[in-house]
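The values are calculated or read from the model by the stated rules, or taken from the named source; none is laboratory data. Since we're looking at a predicted model, the values are computed, not measured. When we count neighbours, we look across all protein chains shown, and the Cβ atoms used for this are built from the backbone with ideal geometry, even at glycine.
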Amino acid sequence: MSSEAAPDRPERPGGTAPHVVVADVGAPLLGGVERHHLERVRRLRAGDDVSVTDGRGSWRWCRFGPDLVPDGDVVVDPAPAPAITVAFALVKGERPELVVQKLTELGVDRIIPFLAERSVVRWDPAKADKNLVRLRRVALEASMQSRRTWVPEVAEVTSFPAVCSLRGAAAADPGGGPPRLDRPTLLIGPEGGWSPAEQASLPPRVGLGPAVLRAETAAITGAAVLCALRSGLVAET
């Protein structure tokens, strides 16, 4: 193993080198799906760079081949702070996958689908389990695509009271103030909006602009603002 970076290798996962999640960066092994993707889709050759992560902050460079060959020291990234959570009311069709994909790419740390009174979508237990597996796979793939070293948690579907009780919660609602990092947990209501009963028990409200947004657009917009604030890309007002 070499501790010196290749001259054309970026300091962090990125560039054209693929990024994969493995169980152990100390002894990285590729799963069948990831190996097929790298060999058949990316068409990697022996010796090509691959960055690997355990999804819990640790990562390193490797060389591709019949086995992954470590070619750099293990680096441990601290967990992002504050942790950003987005809880969104279930939406129809494939839009939950879109929400999870984009929130992951933006840097959200915890994603929580929940049922609101006006939620059109209702998953029975069997469908909820199946969809949860799919959403977690979406988050994993989006983490690899966006070169994340911390894979976000995708929680089981929960209830409106449960997300309201989350620490640092704020609810997206017209007329609220701008999102702030002292309220890093954002609740996004359903297409039909919060019910009167929910309105009465909402945590502090934040606004996402003057336009009426679809639920998935609101989730992505709110996440983008919070992640930009955390990274210092924009400043709190």
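Being touching a Phe, Trp or Tyr at 6+ places or on another chain (Cβ under 8 Å) and of a type in the set (Val, Ile, Thr) narrows it down to one residue among Thr53, Thr104, Thr85; which is it?
Exactly one of Thr53, Thr104, Thr85 is touching a Phe, Trp or Tyr at 6+ places or on another chain (Cβ under 8 Å) and of a type in the set (Val, Ile, Thr), namely Thr53.
Which ones in the range 179-193 are at pLDDT 95 or above and either under 16 Å from Arg118 (Cβ atoms) or surrounded by fewer than 17 Cβ atoms within 10 Å (Cβ to Cβ) (or both)?
Arg180, Leu181, Asp182, Leu187, Ile188, Gly189, listed by residue number.
So, Pro152, is that one surrounded by fewer than 17 Cβ atoms within 10 Å (Cβ to Cβ), modelled with pLDDT of 95 or more and not aromatic (Phe, Trp, Tyr) or not?
No; evaluated as a whole, the condition is false for this residue.
Count, please, the residues in the range 116-135 that happen to be surrounded by 17 or more Cβ atoms within 10 Å (Cβ to Cβ), assigned to a loop (DSSP other than H, G, I, E, B) and not small (Gly, Ala, Ser).
2
Across the range 41-68, what is the total count of residues that are over 19 Å from Glu11 (Cβ atoms) and in contact with a helix residue (DSSP H, G or I) (Cβ under 9 Å, 6 or more places away or on another chain)?
3
What's the number of the only condition in (1) buried (at least 17 other Cβ atoms within 10 Å of the Cβ); (2) touching a Phe, Trp or Tyr at 6+ places or on another chain (Cβ under 6 Å); (3) more than 19 Å from Pro82 (Cβ to Cβ) that Val138 fails to meet?
The failed condition is (2).
Name the residues in the range 178-237 that are among the small types (Gly, Ala, Ser) and assigned to a helix (DSSP H, G or I), would you?
Selection gives Ala197, Ala200, Ser201, Ala215, Ala218, Ala219, Gly222, Ala223, Ala224, Ala228, Ser231.
Taking the range 72-96 only, how many residues are in a loop (DSSP other than H, G, I, E, B) and either out of contact with any strand residue (DSSP E or B) (no Cβ under 8 Å at 6 or more places or on another chain) or farther than 19 Å from Arg148 by Cα (or both)?
Here the count works out to 8.
Please work out which one of (1) without any contact (Cβ under 8 Å) to a residue 60 or more places away in the chain; (2) touching a helix residue (DSSP H, G or I) at 6+ places or on another chain (Cβ under 9 Å) is the condition Ser165 fails and give its number.
The single condition Ser165 does not satisfy is (2).
Can you find even one residue in the range 23-31 that is more than 22 Å from Trp150 (Cα to Cα), aliphatic (A, V, I, L, M) and surrounded by 12 or more Cβ atoms within 10 Å (Cβ to Cβ)?
No, the conditions are met nowhere in the range 23-31.
Which one of the conditions (1) buried (at least 19 other Cβ atoms within 10 Å of the Cβ); (2) in contact with a Ser or Thr (Cβ under 8 Å, 6 or more places away or on another chain); (3) among the aliphatic types (A, V, I, L, M) does Val75 fail to meet, given that it meets all the rest?
In the conditions (1) buried (at least 19 other Cβ atoms within 10 Å of the Cβ); (2) in contact with a Ser or Thr (Cβ under 8 Å, 6 or more places away or on another chain); (3) among the aliphatic types (A, V, I, L, M), Val75 misses (1) alone.
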